[in-house]
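Bear in mind these aren't lab numbers, they're just calculated from the coordinates by the rules spelled out. Just so we're clear, the structure is a prediction, and the values are computed from it rather than from any experiment. Glycine gets a Cβ as well: all are built from the backbone with ideal geometry, and neighbour counts include every protein chain shown.
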Amino acid sequence: MWAVSFMVSSFRRGKRIRKGFIRALAATGWALVFCLAALRPALAEDVIRLRYANFPAATTFPCVQMEKWAEVVRERSGGRLEIETYPGGTLLDARSILRGVARGQADIGCISLSYHPGSFPFFDLFGLPLGFDSARDAGEVAWAMYRKYQPKELAPYKVLLMFTCSPSQIMSSVPLSSLDDLRGLPLRAAGSLSDVIATVDGQAVSMPMSEAPEALQKGVVKGVFSSWDVLKDYNFAESCRYGLTVDSSVYPFVVVMNKKAWDALPADLQHLLDDYADEHCRWTGDYVDDWGRQAVAWSEQTYGFELRNLPDSDRARMAGLTAPLLEQWKAKAADLGLDGQAVLDDIFRMRDELKAGR
Ligand code: 3IO
């Protein structure tokens, strides 16, 4: 009998101990939940996920800046903004990103404005020869002009960023040393930069950069008119063993966001993105300028890439031949109700201030 009563009492004591243990466990659990809530990145439902579409290969500068931006906004938002990046046309390709962002197939998209002839009459100007010697300066001025003139062509979007590539050069599978060597040479370009090639009697073949590797491989083009970074990032130096430094125009880029997606963001996150924009545009310009120089050195070492400089007399000739493109742009600006010369004066003033500051 005594044995049975002992067993019952110890069973009750055990039950009490077990109850206490469960309570302590629950309390610790709740404490943990509160701690995690205080230490955002927190509960999954707080995180806003945005889809960011990009067209060129992941190695290229437009995608490098995308990853950098995603990382910075995740950090600065304490994990509340999560950017899902889609490089290399994995969500939308070069020709469909702009429409895709407007329709909400992507929240954010990186656009090379030159791929949309006629759609960006104001920013067509930034693909013409404006005398910039770096992406850093060209991008800073483009971004400043966007904010000052707020061109209607970008009104359907929230513009997050603006930057450009470095001044365009010619990389080719045939040796080049003068402007005359460009006559009839099929070169990959786009938008205003195709107009530049046409004025020097080259044969511009317009296509997005993402289609250039195949065109080069098939021999549809004999070279590329763009900045040096692609020699390495697309391995163009393998087929383009010759470079001609012409220091021509830049390709302007814009990073746009779907307006509804933007309006749905909490105000503090909107401010976070706006506050970071200047710094990021400058970072991108510096990155591509520096990377382009490294790409030339790499191409020389890896493929014996040969670099020549367009002679001064040809540079002057090229400037003369392309000058009418600026006049044509001014005429189009007048149709938009803009004083084109005033815009150009603004650009040149800011360009020279930046040059003087260096
Ligand atoms: C460019 C575009 C995609 C990837 C790398 C790049 N480097 C320079 C450019 C500019 C250009 O040629 C273009 O088509 O936007």
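Give the aspartates and glutamates whose C-alpha is closer than 17 Å to that of residue 152, dropping any in the same chain fewer than 8 places away, or say none.
Straight-distance partners of residue 152: 124, 335, 339.
On a straight-distance basis, which aspartates and glutamates could pair with residue 218 in a cross-link, Cα separation under 15 angstrom, same-chain partners fewer than 8 positions away excluded?
238
Show the residues, 5+ positions off or on another chain, whose built amide H is closer than 5 Å to the amide H of residue 205.
Counting only residues 5 or more places away or on other chains, the set is 187, 188, 189.
Classify segment 299-338 as rounded, prolate or oblate from the Cα gyration tensor: take a ≥ b ≥ c as the square roots of its eigenvalues, call it rounded if a/c is under 1.5, otherwise prolate when a/b beats b/c and oblate if not.
Numbers: a/c = 7.80, a/b = 2.40, b/c = 3.25.
The shape class here is oblate.
With unit charges on the beta carbon (Lys/Arg positive, Asp/Glu negative), name the residue among 145, 194, 165 whose Cα is farthest towards the positive pole of the charge dipole of segment 78-199.
The one lying farthest along the dipole's positive direction is 145.
Where a ≥ b ≥ c are the square roots of the eigenvalues of the C-alpha gyration tensor, would you call the chain rounded, which needs a/c under 1.5, or, failing that, prolate if a/b is larger than b/c, or oblate?
Verdict is prolate for the chain.
If I model a spin label at residue 317 and residue 150 as a point 7 Å from the Cα along the Cα→Cβ vector, what separation in nanometres do I get?
So the two model labels end up 4.7 nm from each other.
In whole Hz, with x marking every Gly and Pro, tabulate ³J(HN,Hα) for segment 212-228 from phi via Karplus 6.51 cos²θ - 1.76 cosθ + 1.60, θ = phi - 60°.
Ordered by residue, 3J(HN,Hα) equals 5, x, 5, 5, 5, 4, 7, x, 4, 10, 9, x, 10, 9, 6, 8, 4 Hz.
Which far-off residues, 5 or more places away or on another chain, put their amide H under 5 Å from the one on residue 92, with H placed in the peptide plane?
54
If each residue's Cβ is checked for other Cβ atoms within 10 Å, how do 158, 330 rank with the fewest at the top?
Numbers: 158 21, 330 17.
Ordered by Cβ neighbours within 10 Å, fewest first: 330, 158.
Assign unit charges at the C-beta atoms only (+1 for Lys and Arg, -1 for Asp and Glu), then state the dipole size of the chain relative to its Cα centre in Debye, rounded to the nearest 20. Intermediate values should be presented prior to the final figure.
Details: 41 positive and 44 negative charges, 540 e Å.
Rounded to the nearest 20 debye, it is 2600 debye.
For the cross-link pairs 68/232; 232/260; 68/330; 148/260, which exceed 26 Å when the distance is taken from alpha carbon to alpha carbon? Don't jump to the answer; show the numbers that get you there.
Numbers: 68/232 20 Å; 232/260 38 Å; 68/330 36 Å; 148/260 24 Å.
Beyond 26 Å between Cα atoms: 232/260; 68/330.
Rounded to the nearest 0.05, what FRET efficiency do residue 308 and residue 345 have when you use their Cβ-Cβ distance and R0 = 25 Å?
After rounding to 0.05, the efficiency reads 0.15.
Express in nm, to one decimal, how much length is gained between residue 297 and residue 174 on full extension, taking 0.36 nm for each residue of separation and deducting their alpha carbon distance.
42.4 nm
Residue separation times 0.36 nm, minus the C-alpha to C-alpha distance between residue 336 and residue 198: what's the value?
Extra length available between residue 336 and residue 198 comes to 47.2 nm.
Given axes a ≥ b ≥ c from the Cα gyration tensor, I'd like to know whether segment 181-266 is rounded (a/c under 1.5), prolate (a/b larger than b/c) or oblate.
prolate
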